[in-house]
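The values are calculated or read from the model by the stated rules, or taken from the named source; none is laboratory data. Because the structure is a prediction, the values reported are computed rather than measured. All Cβ positions, even for glycine, are placed from backbone atoms using ideal geometry, and neighbour counts span all protein chains on display.
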Amino acid sequence: MRHWACCRMLLMAKNNPGIIYSLAWENAMQRKLNAAVECATECLEMVMGGSVSAWKLLILVLSAQQNLQEAEAVADIAIDEAEKDDQLDILRLKAQIQASRGQFKSAVESSRVLLAAIQTKKEVWKSTTSDKVKSLQKLEMDAWLDLASIYTKLEAWHDSTICLDKATSIDLFYPKCWHIRGLQLEAQSLHQEALMAFSFSLAINPDYVPSMVCMARILRKLGGKTLSIARTSITRTFLRNALRLDPTSHQAWMDLGLVLKSEGSLLEAADCFQAAYELRELSPIQDFSEQLPIMLQ
C-alpha cells in the first residue's frame, strides 16, 4: 500500500516541490537515506534554496548517514541562503552537529550565538502573535537543554544546572526539561534522583519515549545482575511500550536485548541487538518525526 502511494506521488511530483519534499520525508522515515538525499536536494533546486524545511531535512538525513562534516557544511550554506528569521533552527542543528563531532567548544559558541539571536527576536516579537512567541520559546528551551547536555558530557555540573534552570524557568512542564535533568543526575551516578526526574517527565507526558527508555535503564541498573521478577516485568513493559511508540529507538532495542539476555531468551536478545546496531548507524541528530511531512517554507 505504501509503495503504491509513493508511486502515485512520483507521478504527481513533476514541478511540485511540496510533493518532492514529502517523498524525501517519507524516505527518511523509512531510512531510505540515499533516496531521501536525492529528493531533498531536488526540492531545494526546484525552489532555488528557498525552503528552510528542505534544508533542515537534508541536514538531518546527512547526519543519519553519519556524514557530519558535510551536514555542517550544508548547514553553513543554509544559514547563508535563509532569511534572518529562518536561520535560528538551522543554527541549532549546526550546534548539535558540532556536539556530535566532539567539537564542544564550537557547539557552545554556536548555542550562545543562537540564544543571543533568540533574545533579540523576543524583543522584536513582543507584540506579535502568540503562536510565533510560543515557537520561539520552545526553541529557546531546546537551545538551553542542548547546552545543558553539552556541559553534562563535559562534567561541568554547575554550568549544566544553570542551563537546566534557564529552560525550566520558561516552562516547568516541558517533559524534556525533566528528561535532561535526569540524564545529568544519572551521569553523576545519582540513580534514585534520576529516576525521580524521569518520573516527572512521564507524569507530564506518559508517552515521552526517551524517558521511558531511561526509566527502564535505571531500573535495570538498580537491580544489579539479578533483577527481581517484578522489576524485570516493569522494565520490559517500559521498553516494549517505548518501541510501540517509536520502533526506531535503538537504545530501547539495546536495553530490551539486555533484559531478554538476562532472562535467557538469547535468540530474541540477538534480534534486539541486531536491530539496535542497524538503527544506531542510521540515527539522525534529531528525530525525523520532529520534522513535519509537509513543506511549510
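From the list 203, 187, 230, which residue is among the small types (Gly, Ala, Ser) and more than 30 Å from residue 158 (Cα to Cα)? Write out each step before concluding.
Details: 203 fails: more than 30 Å from residue 158 (Cα to Cα); 187 fails: more than 30 Å from residue 158 (Cα to Cα).
From the options 203, 187, 230, the qualifying one is 230.
Any residue at all in the range 6-14 that is closer than 28 Å to residue 140 by Cβ, outside any helix (DSSP H, G or I) and modelled with pLDDT under 90? Give the steps one after another, and end with the answer.
Step one: list which residues in the range 6-14 are closer than 28 Å to residue 140 by Cβ, which gives none.
Looking through the range 6-14, none of the residues is closer than 28 Å to residue 140 by Cβ, outside any helix (DSSP H, G or I) and modelled with pLDDT under 90.
Residues checked against (1) surrounded by fewer than 16 Cβ atoms within 10 Å (Cβ to Cβ); (2) within 17 Å of residue 174 (Cβ to Cβ); (3) without any contact (Cβ under 8 Å) to a residue 40 or more places away in the chain:
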{"residue": "192", "(1), (2), (3)": "yes, no, yes"}
{"residue": "204", "(1), (2), (3)": "no, yes, yes"}
{"residue": "207", "(1), (2), (3)": "yes, yes, yes"}
{"residue": "230", "(1), (2), (3)": "yes, no, yes"}
{"residue": "240", "(1), (2), (3)": "yes, no, yes"}
{"residue": "243", "(1), (2), (3)": "no, no, yes"}
{"residue": "247", "(1), (2), (3)": "yes, no, yes"}
Among (1) under 16 Å from residue 156 (Cβ atoms); (2) in contact (Cβ under 8 Å) with a residue 24 or more places away in the chain - the single one residue 105 does not satisfy: (2)
Sole exception among (1) over 19 Å from the mean Cα position of the chain (by Cα); (2) loosely packed, with under 14 Cβ neighbours inside 10 Å; (3) without any contact (Cβ under 8 Å) to a residue 24 or more places away in the chain for residue 196, by number: (2)
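With the condition kept exactly as written, say whether any residue in the range 219-240 is outside the structural domain of residue 157 (by TED's automatic domain parsing), under 19 Å from the mean Cα position of the chain (by Cα) and over 23 Å from residue 148 (Cα atoms). Step through it out loud before you land on a result.
Pass one, the range 219-240, residues outside the structural domain of residue 157 (by TED's automatic domain parsing): 219-240.
Then keep just the ones that are under 19 Å from the mean Cα position of the chain (by Cα); that gives 239.
Imposing the further condition that a residue be over 23 Å from residue 148 (Cα atoms) reduces the set to 239.
Taking every residue of the range 219-240 in turn, at least one turns out to be outside the structural domain of residue 157 (by TED's automatic domain parsing), under 19 Å from the mean Cα position of the chain (by Cα) and over 23 Å from residue 148 (Cα atoms).
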Checking the structure you have, find out if any residue of the range 192-200 is closer than 17 Å to residue 279 by Cβ and of a type in the set (A, V, I, L, M, F, W, C). no
Just wondering, is there one or more residues in the range 217-240 that are under 26 Å from residue 108 (Cβ atoms) and either in contact with a His (Cβ under 8 Å, 6 or more places away or on another chain) or at pLDDT 95 or above (or both)? no
